Amino acid sequence: SDVVVVSPKNSGVKRARSLAEYLDAPIAIIDYAQDDSDRNEGYIIGDVEGKKAILIDDILNTGRTFSEAAKIVEREGATEIYAVSSHGLFVEGAADLLDATNIKEILVTDSVATKERTPENVCYITASELIGDAIVRIHERKPVSPLFAYNKKK
């Protein structure tokens with residue numbers, strides 16, 4: 001595969017593995033010094049060289065996690081870098097920080113409205129149908145878990 005899914009921190013491995021399985025792609029994990037004091041010293045567990053790297057995280061706050069991860073995967077030879085996050089807050093100058101990276105596209109849902117400036121390469125996908133379906137299921141006392149299950153890509 002020419003794609004690798006990258007967890008920019010240890011706590012996101014399960015999320016990265018889920019996307020990687022869906023895409024039938026390998027995963028890589030960025031690991032840091034135990035105290036997290038110098039994130040630029042992160043190293044990759046896995047292989048990104050010559051591949052399109054998809055960084056995945058749950059919440060994009062300041063953009064620091066994606067910015068630093070992008071530097072690391074670029075240093076390790078990724079050919080293109082994409083970032084995916086469920087919720088894009090873009091606080092504390094995140095747009096400026098992310099605009100300065102080589103991330104080709106940042107994909108987030110429209111689950112959170114922000115008054116902050118967003119990066120030039122941000123792309124929104126709507127979560128409204130999913131949220132609406134969840135509200136109906138909760139009202140009807142049905143499980144919401146089927147909304148979050150997906151079949152492996154064919």
Rounded to whole Å and sorted largest first, what semi-axes of the equivalent ellipsoid does the C-alpha gyration tensor of the stretch 3-126 yield via the square root of 5 times each eigenvalue? 21, 16, 13
Quick note on Asp110, Asp99, ordering by fewest other C-beta atoms within 10 Å, gives Asp110, Asp99
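Neighbour counts of other C-beta atoms within 10 Å: give me Ile131, Ile56, Ile106 arranged from fewest to most. Intermediate results must be reported in sequence, preceding the final value.
On the way: Ile131 14, Ile56 24, Ile106 28.
Fewest to most other Cβ atoms nearby, the residues stand as Ile131, Ile56, Ile106.
Given +1 on the Cβ of Lys and Arg, -1 on the Cβ of Asp and Glu, and no further charges, what dipole in debye does the stretch 3-126 carry about its Cα centre, rounded to the nearest 20? Each step should come with its number before you reach the end.
Numbers: 13 positive and 22 negative charges, 50 e Å.
Here the stretch 3-126 has a charge dipole of around 240 debye.
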Listing His139, His87 from the residue with the fewest other Cβ atoms within 10 Å to the one with the most, what is the order? His139, His87
When the charge dipole of the chain is computed with +1 at the Cβ of Lys and Arg and -1 at the Cβ of Asp and Glu, the Cα pointing farthest to the positive end, of Leu98, Ala113, Leu23, is that of Leu23
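Taken together, the values in this text are just the output of simple stated rules run on the coordinates, not laboratory data. Remember, it's a predicted structure, so these values are computed and weren't measured experimentally. Because the Cβ atoms are built from the backbone with ideal geometry, glycine has one as well, and the counts that use them run over all protein chains shown.
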